[in-house]
Amino acid sequence: MTHDHDLVLRPTAAQTEAALNPPPGRNGGDLVVETLAALGATTVFGLPGQHALGVFDALRRSDLRYIGLRVENNAGFAADAYGRITGEAAPLLLSTGPGALTSLAALQEARAASAPVLAISSQVPTAGLGGGRHGYLHELPDQAASFRGVVKSVHTVRTQSQIPSAIAEAWTSALTVPHGPVWVEIPQDVLLAKTPIPVVTGGDTFPEELPPRPELTAVAADLLSRAERPAIIAGGGVVRADASKKLRQLAERLQAPVVTTFGGKGAFPWTHPLSLQSWLEDRHTTDFLEDADVLLVVGSGLGELSSNYHTFQPRGRVIQIEADLGKLESNHPALGIHADARLALQALLETVGERTDPAAPERVREVLAKVRERIASQELTLEQDVLAAVRKALPSGAPSFWDMTILAYWAWSAFDAKAPNTMHSAQGAGGLGYGFPAALGAAAADPTHPVLAVSGDGGALYSIAELATARQYDLNVTWLIVDDGGYGILREYMTDAFGEPTATELTRPDYVALAESFGVPGVRTSPETLEADLAKALAAPGPSVVVLPAVLRMFAPTHLD
């Protein structure tokens, strides 16, 4: 009898030849790039440094495409977006100490948003591992400790023979749900030493699936089938699992209204009769969800933003499907189903009964009408017009990446993403500087669509150096900078809380002139001409900058009432 675990993959003639006669001049860095190529990587991001030179030298002997950014944190954001767009683990090559640590904020965002990033860093020579203080440049007592609370897994390599297996193990970790960033570190001497190890050719890895427990989906299906007022909250897990069609099928079968979280934008059609859109920071939506007798939460931990700043208190039964075990029932008691959203929704579709509820679309229309009435009472025409202009200018299939800025906060609630996996922001960790470098990563992933980045002037200054990257690689990104002369949202927060702002006003450059100094076309626009100027920039190949001088306001919060 032959068992699956008895099967051995035999090398091909070409693999045998490569193993017996490896090309000369290879080092440990070659093992890194060969492993990445064998795993299926085609593009890597990063920034060279003294201890990482072995890897970067090996890049010129490989077919991997290298996109070099100007700051490690921005390289991390670019890899994050590449992972979100492609679903692949995006390699991020970094150097030791300051270079590695500068990537932490980007890796935090990737972890919060479940973006698969494979960060590979150099380390001080092997003799410096283990906490001794040898005085090496960039030395830390325990570099890996700085990343353990941020990434999914940490892998320290000590010999060349460990490189292929460590990277493959990290790759599998990054792509096992919930996806996320992982960390591999390799000492300088291991990377630089010549290697007798054959060329790496085998790279098949099989990330583990996370199916739901059948007894739990049976209970969930029964609850949903018998519900009188079911509702659904769809989070980013639906988008990452490519489960939007299954979500729509289930919602229509149950006649259950659906609201998408800010990370789940596009998971459900915006204009569908059952769509509550994304108005989570609105008391009318919160009241509606609280009134559901059975609430299905798919791919969301019901965190601060998704729960209207923890004012949401469900009165009915909650069913929560979540791939991240740490998020399961972390905020509300629920029938917790630890599973990938796609597999769990499929299980429900196979067992749930069909409901009829002709009144459901009318109840959705009533909630949306109340939301519109509330917004209309606040004289926010400028903000709505600007957001509408962006939507009209952006082609339907084009992705957009939003920094932490007032227009992005509007977009979370009011922007129609048109399709899943097309609207992304830094709302996972909430750090500044995400929009533009992330858009560069997306453009590298898919050059067939223009990519939009949206930043305020404060966030733009975090990543202004990447205009050089955009020009160097001719990446098709249009960067909309809303210039209000400061940290606009913090200005509003402080004025509301203390009567006046402090430390929010900024001296800033002429962004059009600055863009042009990098060889990137720039244009200064107005709310009236924004749609035309933005559409023209998006239609032109290569990078461009559109600057909108405007002071935008946020709609009033409801969680403080």
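The values are calculated or read from the model by the stated rules, or taken from the named source; none is laboratory data. In this text the structure is predicted, and so the values were computed from the model without any measurement. Backbone-built Cβ (ideal geometry, glycine too); neighbour counts: all protein chains shown. The accessibility values were calculated without ligands, DNA or RNA, using every heavy atom of the protein model including side chains. Shrake-Rupley method; radii C 1.70, N 1.55, O 1.52, S 1.80 Å.
Counting only Cβ charges, +1 for Lys and Arg and -1 for Asp and Glu, the dipole size of segment 51-102 around its Cα centre is about 120 debye.
Once you have a ≥ b ≥ c as the square roots of the Cα gyration tensor eigenvalues for segment 333-455, tell me rounded if a/c is under 1.5, and otherwise prolate or oblate according to whether a/b is larger than b/c. Oblate, because a/c is 1.5 or more while a/b does not exceed b/c.
How much of the accessible area of the chain, probe 1.4 Å, is carbon plus sulfur, in whole percent? Write out the running numbers ahead of the final one.
Values: 12010 of 22670 Å².
Carbon-and-sulfur percentage of accessible area, whole number: 53.
Once you treat every alpha carbon in segment 82-186 as an equal point and sum by Debye, what is log10 I(q)/I(0) at q = 0.15, 0.16 Å⁻¹? The computed values of log10 I(q)/I(0) come out as -0.57, -0.64.
If you place +1 on the Cβ of every Lys and Arg and -1 on the Cβ of every Asp and Glu, how big does the dipole about the Cα centre of segment 433-528 come out, in debye to the nearest 20? If you can, show how the numbers build up before the last one.
Working: 4 positive and 13 negative charges, 55 e Å.
For this selection, approximately 260 debye.
Counting other Cβ atoms within 10 Å, which GluC sites (Glu not before Pro) in segment 127-208 have at most 12 and lie in a DSSP loop? Here the GluC sites (Glu not before Pro) that fit, given the DSSP loop and packing criteria, are Glu208.
Taking 0.36 nm per residue of sequence separation and removing the Cα-Cα distance, the Thr351/Glu505 pair yields an extension gain of 49.8 nm.
Simple rule: put +1 on each Lys or Arg Cβ and -1 on each Asp or Glu Cβ in segment 408-561, find the dipole, and look at Phe436, Thr507, Ala556; the Cα lying farthest toward the positive end is Phe436.
Over the chain, accessible surface divided per residue gives 40 Å², non-protein components excluded, 1.4 Å probe. Cross-link partners for Lys152 among the lysines, with Cα-Cα distance under 29 Å and sequence neighbours closer than 8 places in the same chain left out: Lys245, Lys246, Lys265, Lys327. Rounded to the nearest 5, the antiparallel percentage of DSSP beta bridges internal to the chain is 5%. Do any trypsin sites (Lys or Arg not before Pro) in segment 13-101 lie in a DSSP loop with no more than 14 other beta carbon atoms within 10 Å, and if so, which? Those that pass, being in a loop and sparsely packed, are Arg60. When only the Cβ of Lys, Arg, Asp and Glu is charged (+1, +1, -1, -1), the dipole of the chain relative to its Cα centre reaches about 620 debye. Among the GluC sites (Glu not before Pro) within segment 368-445, those in coil by DSSP and having at most 16 neighbouring Cβ atoms inside 10 Å are Glu379.
If I take R0 = 45 Å and measure r between the Cβ atoms of Arg226 and Arg133 in this structure, what FRET efficiency does the formula 1/(1 + (r/R0)^6) give, to the nearest 0.05?
Numbers: r = 65 Å, r/R0 = 1.45.
About 0.10, to the nearest 0.05.
Please compare each pair in Lys392/Lys536; Lys418/Lys536; Lys370/Lys392; Lys392/Lys418 to a cut-off of 18 Å on the Cα-Cα distance and tell me which ones are over it.
Details: Lys392/Lys536 12 Å; Lys418/Lys536 20 Å; Lys370/Lys392 25 Å; Lys392/Lys418 11 Å.
In this structure, Lys418/Lys536; Lys370/Lys392 lie more than 18 Å apart at Cα.
Given the -39500 (n - 2.57) contribution per DSSP H run of 4+ residues, what per-residue ellipticity at 222 nm results for the chain, rounded to the nearest 500 deg cm²/dmol? Before the final figure, lay out each step's value.
Values: 23 runs with 216 residues, N = 561.
Calculated from helices alone, the mean residue ellipticity at 222 nm is -11000 deg cm²/dmol.
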